[in-house]
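None of the figures in this text is laboratory data; all of them are computed from the coordinates on show. Keep in mind the model is a prediction, meaning the values are calculated, not measured. Note that we place each Cβ from the backbone using ideal geometry, even for glycine, and neighbour counts take in every protein chain shown.
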Amino acid sequence: MLPRSQRLSQSRAIVSVMKRGHTVMHDALRFRFFQSTRPTTKIAVVVSLRVSKRAVIRNRVKRQLHAILGPLVRTFRYPIDGVFSVQPGLEQRTFQELSKIVDVILRRAQLISRQ
C-alpha cells in the first residue's frame with residue numbers, strides 16, 4: 001500500500017503536475033510526472049465520475065493502484081511528483097492486469113529498470 005506520506009494530496013500540486021508534467025499512457029491509464037525537488041516521491045491517483053458513478057467502484061480502483069504502487073515507489077530512480085489518471089474501461093480490469101499496465105507505464109517513463 002502506498003503510504004499516506006507519499007501521496008500527493010494538495011490540489012495545487014496535482015494541477016501543477018497535470019500542466020507541466022511528462023505524459024505516458026497505456027490502455028486506459030495515463031501517468032503524468034516530473035522530477036521533484038523534494039527528497040521523497042509523491043503520487044496521486046485520480047478517478048473521475050466518467051469511470052463510474054458509483055463511489056464503491058472508483059474507490060476500489062484507487063485502492064488497487066495504491067497497493068500496486070506501494071512497493072514500486074521504493075525502486076524509482078529519482079524522486080518524482082506524479083498523477084495517475086484513470087480513464088473509463090480500467091475499472092473492469094483484474095488486479096493482475098492493472099499491475100502489468102502500471103509496470104509498462106513505469107518502464108516507458110524510465111522510472112524503473114527493465115528486467
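Looking at SER36, SER52, SER48, which one is in contact with a Ser or Thr (Cβ under 9 Å, 6 or more places away or on another chain) and more than 17 Å from VAL102 (Cα to Cα)?
Numbers: SER36 fails: in contact with a Ser or Thr (Cβ under 9 Å, 6 or more places away or on another chain); SER52 fails: in contact with a Ser or Thr (Cβ under 9 Å, 6 or more places away or on another chain).
The conditions single out SER48.
Under the condition of being aliphatic (A, V, I, L, M) and outside any helix (DSSP H, G or I), the residues counted in the stretch 48-68 number 2. Residues that are in contact with an Asp or Glu (Cβ under 7 Å, 6 or more places away or on another chain) and part of a loop (DSSP other than H, G, I, E, B) within the stretch 13-47 comprise just one, SER36. Quick one: LYS100 ticks every box in (1) farther than 21 Å from LEU8 by Cα; (2) touching a helix residue (DSSP H, G or I) at 6+ places or on another chain (Cβ under 7 Å); (3) assigned to a helix (DSSP H, G or I) except a single one, so which number is it? With (1) farther than 21 Å from LEU8 by Cα; (2) touching a helix residue (DSSP H, G or I) at 6+ places or on another chain (Cβ under 7 Å); (3) assigned to a helix (DSSP H, G or I) applied to LYS100, the lone miss is (2).
Of everything listed in (1) in a helix (DSSP H, G or I); (2) in contact (Cβ under 8 Å) with a residue 12 or more places away in the chain; (3) of a type outside the set (A, V, I, L, M), the single unmet condition for PRO71 is (2).
For the stretch 38-68, a residue qualifies if it is more than 20 Å from MET1 (Cα to Cα) and either touching a helix residue (DSSP H, G or I) at 6+ places or on another chain (Cβ under 9 Å) or touching a residue at least 24 places away in the same chain (Cβ under 8 Å) (or both), and the qualifying residues are ARG38, SER48, LEU49, ARG50, VAL51, SER52.
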